[in-house]
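Nothing in this text is a laboratory measurement; each read-out follows from the coordinates by a stated rule. Values in this document were obtained by computation on a predicted structure and should not be read as measured data. Every residue, glycine as well, gets a Cβ built from its backbone with ideal geometry; the counts of neighbours run over all protein chains shown.
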Amino acid sequence: MKVVVLTGAGISAESGVPTFRDADGLWEGHRVEDVATPEAYEASPAAVHRFYDARRAALDAVAPNPAHTALARLEAALGDGLLLVTQNIDDLHERGGSTRVHHMHGELRSALCRGCGGRTPWTGDLGDFPPCPSCGVTELRPDVVWFGEIPYGMDEIQDALAEADLFVSVGTSGAVYPAAGFVQYAAGYGARTLELNLVPSDGSHLFDECRHGRAGDLVPAWVDELLASLGGDSRP
Ligand code: APR
């Protein structure tokens, strides 16, 4: 069986990572256009670095929740049959046990060199403008896909969506493309589609089935159900 799971900020909410579209419309007190655009970085690299350095440091204080670990169990059972695509830049899927995570919007714990294009695992700050370990140029930026930039690995994602038997969207508002279009793309190639989200997303009507509630409850229950239907039970 081939499954594509797309996750968004909602899957990390119960771990204590704030979602993007809170009631006040701000991300950690900032307007998205002030911190998550190439224009913002050009205008004030120090301010953008301060913002992402704080987000990166905050990862130490959070831990994966049962939704993350359930998806790791799913990977263990399905192997290559699962493509886990996340819009999240945190590393909670990896810390929950997933080994092959497709970060379409980049990763906080990675730095991207504007000089040589190299991507380097990074856990410290970037605001002190350290040199790139590969080329030595002091042009490291957060390895995060900002608004107006192209997400990572779209070809591989589209191939997997076209082959999928099942597409599942977890904890995403369906407000940001191209991820918001995955449901229609997968359905167009014959996949069944399922939404797991706290509330109906912008694209709820596009799914075959929607379940609404907390990811920490819904995802483990759905994984158990899927694995039981496949004739295996990988619960520890
Ligand atoms: N369980 C399940 N879903 C939840 C939970 C929870 N505990 N808490 C919140 N949600 C849902 C919200 O109802 C909302 O629909 O998660 C969704 C989060 O939506 P957004 O904050 O818009 O996050 P996301 O969809 O991941 O944003 C997409 O937008 O700002 C950009 O690049 C950024 O990757 C991000 C993209």
On a C-alpha basis, how far is the centre of the stretch 32-53 from the centre of the stretch 213-232 in Å? Whole number, if you could?
39 Å
Gained length - ALA47 relative to ILE150, 0.36 nm times residue gap less alpha-carbon distance:
34.8 nm
Could you work out how much longer the chain between GLU163 and ARG100 gets when fully extended? Use 0.36 nm per residue separation minus the Cα distance between them, nm to one decimal.
20.9 nm
If you take every DSSP beta bridge fully contained in the chain, what fraction is antiparallel? Give it as a percent rounded to 5.
30 percent
Taking 1 over the mean of 1/r across every pair of different Cα atoms in the chain, what Kirkwood radius in Å do you get?
18.4 Å
Over all alpha-carbon pairs in the stretch 1-101, figure out the percentage whose distance exceeds 18 Å.
53 percent
Translational diffusion of the stretch 68-145, µm² s⁻¹ [Kirkwood Rh, Cα pairs; Stokes-Einstein; 10 °C; 1.306 mPa s]
117 µm²/s
Fluctuation leader among GLY29, GLY115, GLY97 - the chain, Gaussian network, Cα springs under 10 angstrom:
GLY29
Normalising by the residue count of the stretch 114-220, find the relative contact order in percent from Cα pairs under 8 Å and 6+ residues apart.
18 percent
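Within 10 Å, count the other beta carbons around each residue, average over each peptide in 54-64, 102-112, and list them highest first.
Values: 54-64: 15.3, 102-112: 20.9.
So the peptides 54-64, 102-112, ranked by packing, come out 102-112, 54-64.
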What is the spin-label model distance, in nm, from ALA57 to ALA228 if the labels are put 7 Å beyond Cα along the C-beta direction?
4.6 nm
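With a 10 Å radius around each residue's Cβ, average the other Cβ atoms per peptide and rank 77-87, 206-216, 144-154, highest first. Intermediate results must be reported in sequence, preceding the final value.
Numbers: 77-87: 19.3, 206-216: 16.9, 144-154: 14.8.
The packing order, highest mean first, is 77-87, 206-216, 144-154.
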Using 1/(1 + (r/R0)^6) with R0 = 35 angstrom and r between the beta carbons of ASP202 and CYS135, what's the FRET efficiency to the nearest 0.05?
0.25
Between the helical axis of 215-229 and the dominant principal axis of the chain, each derived from Cα atoms, what acute angle in degrees is found, rounded to the nearest 10?
40 degrees
Between Rg and the Kirkwood Rh of the stretch 92-209, both from Cα atoms, what is the Rg to Rh ratio?
1.06
Just how far, in whole angstrom, is the stretch 149-182 from the stretch 74-140 if you go by their alpha carbon centroids?
18 Å
Counting only DSSP beta bridges fully inside the stretch 23-163, the antiparallel percentage to nearest 5 is 75 percent
